[in-house]
Amino acid sequence: MLQIEDAVRCLQQQMQPITKTQNLPLLTAAGWILAQEGRAMADQPPFPRSPLDGYALRGQDTEAASKEAPVCLQVVGRVYAGEVFPGQIKAGEAVRIMTGAPIPMGADTVVRQEDSDYGQEQVLIYKGSRPYENYCFQGEDYKKDSLLLQKGAKLGGCEIALAASLGMDPVAVYQKPKIAVISTGDELTKPGEKLMPGKIYDSNRYWISGRLAELGILASYSGQCKDEPEEMAECIRRLSEQTDLIITTGGVSVGEKDILHEVIRRLSARQLFWQVNVKPGAPVLAAVLDQTLLICLSGNPFAAAVNFELIVRPVIGYLSRDKSWIPKRKKVRLENDYRKPAGARRFLRGYEEDGKAWVATGNHAAGALSAMAGCNCLIEILPQQAGAVKGDTVWACLL
Ligand code: AMP
Ligand code: MG
């Protein structure tokens, strides 16, 4: 049977990463992928500046200064952050200066105000400062033409601050993939509506749409469909015109109401695969319709969740150019037992902290959702393993 990694590779081969870009106000760009370089147009800081409040002066004038033998200098002006002192400092002179202000020409250091008498016209300096001691050099943060932001960088707080310090606003970002989510099943009822006999509330669409939003993409469509092949085919056909990826849940197994096989036939979509070596969630079905990828997941809530995390997320990562979509794997030490032969690559709900992991207690069935609460990883049990016991080293896929 197809391995998860091969399924992901096969899906990625059908797609190209998004190339369309748009401009966004910098303050709204967190979580987006930068579609331009961020290069310094000027040195930062753009001028030598004072790192503290004090007196800008010539270091050689105060070399011998001490508490007992202060040096007296003429205060010839003052300069605050945002201003420029117009003159040049000469021997025996000082300029009152505040943090962030440009160091006047002629001065090569700043003496802390605490080492002076805070003089206004004249100042007594009690402690010398060597040339360039308290001195922020022009370009000491970065130099003109430095590449600070690579095209393709994900914009977080730090990148946004760097872009701001480069003067970039708005910024060009890659558009996010358009993703539609459809739950199928005659038994499904929308949350908020009255539950009739034989029906259940639809939770899959909420898992997937919720996870998409949590990871940074709002589903462009989220809806529900009956187990009616024509209705479903029509819905997919319509959505495919404006969607990069359609994710469905339910109807992919071998029952009479497992309509997705029929839907794919009716759409004349090109089937890529059906069934992957993953438990739960083996009957994943994938197809391409024109430019749109169709990934149909099992209807069982935990199976759909596992499929989404392991197969859909890396595909979205590729489409969106955002590596954070690719779930991270980590070797962990198991802290409790799970004794059940797998026969397939099995994923268990778990909780991981500091390299230790616990298999969730509660119902492990593919159809059970509640044991997922509080979990932050999927623990992998290999096909040849008859479960796992405390102390075993296993892989965890972080959610
Ligand atoms: P299916 O894959 O359609 O055979 O569904 C497998 C199981 O998952 C059945 O018990 C369904 O009722 C349940 N199920 C299917 N879709 C959903 C959904 N959207 N939300 C919650 N449970 C579902
Ligand atoms: Mg069904």
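Cβ-Cβ contacts under 9 Å between residues 6 or more apart (or on different chains), taken from a first residue in segment 249-268 that is closer than 22 Å to Ile179 by Cα and free of Cβ contacts under 8 Å to residues at least 60 places away in the same chain to a second residue that is near ligand 2 (Cβ under 9 Å from one of its atoms) and of a type in the set (Asp, Glu), are listed as Val252/Asp258.
Each residue in segment 241-262 was checked for being at pLDDT 95 or above and either touching an Asp or Glu at 6+ places or on another chain (Cβ under 6 Å) or closer than 17 Å to Asn204 by Cβ (or both), and 10 of them qualify.
Scanning segment 164-195 for residues that are within 14 Å of ligand 1 (Cβ to nearest atom) and either among the acidic types (Asp, Glu) or out of contact with any helix residue (DSSP H, G or I) (no Cβ under 8 Å at 6 or more places or on another chain) (or both) yields Gly185, Asp186, Glu187, Leu188, Thr189, Lys190, Glu193, Leu195. Taken over segment 241-277, residues that are surrounded by fewer than 22 Cβ atoms within 10 Å (Cβ to Cβ) and within 16 Å of ligand 2 (Cβ to nearest atom) amount to 9.
Might you let me know whether segment 215-231 holds any residue that is surrounded by 15 or more Cβ atoms within 10 Å (Cβ to Cβ), away from ligand 1 (no atom under 16 Å from the Cβ) and not in a loop (DSSP other than H, G, I, E, B)? Yes. The residue that is nearest to Gly317 (Cα to Cα), counting only those in segment 186-214 that are polar (S, T, N, Q) and either buried (at least 21 other Cβ atoms within 10 Å of the Cβ) or away from ligand 2 (no atom under 14 Å from the Cβ) (or both), is Ser209. Within segment 184-195, residues that are over 27 Å from Ile295 (Cα atoms) reach partners that are surrounded by 13 or more Cβ atoms within 10 Å (Cβ to Cβ) with beta carbons closer than 8 Å, at six or more positions or on different chains, in the pairs Leu195/Thr189; Leu195/Tyr201.
For segment 278-294, a residue qualifies if it is surrounded by fewer than 23 Cβ atoms within 10 Å (Cβ to Cβ), closer than 20 Å to Ala366 by Cβ and away from ligand 2 (no atom under 16 Å from the Cβ), and exactly one does: Lys279.
Among the residues of segment 244-279 satisfying the criterion of being among the basic types (Lys, Arg) and more than 13 Å from ligand 1 (Cβ to nearest atom), which is nearest to Arg211 (Cα to Cα)? Filtering first and then ranking leaves Lys279.
The single condition among (1) in a strand (DSSP E or B); (2) free of Cβ contacts under 8 Å to residues at least 40 places away in the same chain; (3) within 13 Å of ligand 1 (Cβ to nearest atom); (4) of a type in the set (A, V, I, L, M, F, W, C) that Cys296 does not satisfy is (2).
Evaluating Arg321 against the criteria (1) surrounded by 18 or more Cβ atoms within 10 Å (Cβ to Cβ); (2) within 30 Å of Asp227 (Cβ to Cβ) leaves one unmet condition, (2). Which of the residues belonging to segment 133-178 are more than 25 Å from Arg313 (Cβ to Cβ) and without any contact (Cβ under 8 Å) to a residue 60 or more places away in the chain? Result: Ala161, single match.
For segment 84-119, a residue qualifies if it is in a loop (DSSP other than H, G, I, E, B) and acidic (Asp, Glu), and the qualifying residues are Asp108, Asp117. Of all the criteria given as (1) surrounded by fewer than 15 Cβ atoms within 10 Å (Cβ to Cβ); (2) assigned to a loop (DSSP other than H, G, I, E, B); (3) more than 15 Å from ligand 2 (Cβ to nearest atom), the one not satisfied by Arg238 is (2).
The values are calculated or read from the model by the stated rules, or taken from the named source; none is laboratory data. Given the structure is predicted, the values throughout are model-derived calculations rather than measurements. Virtual Cβ from ideal backbone geometry, glycine too; neighbours counted across all protein chains shown.
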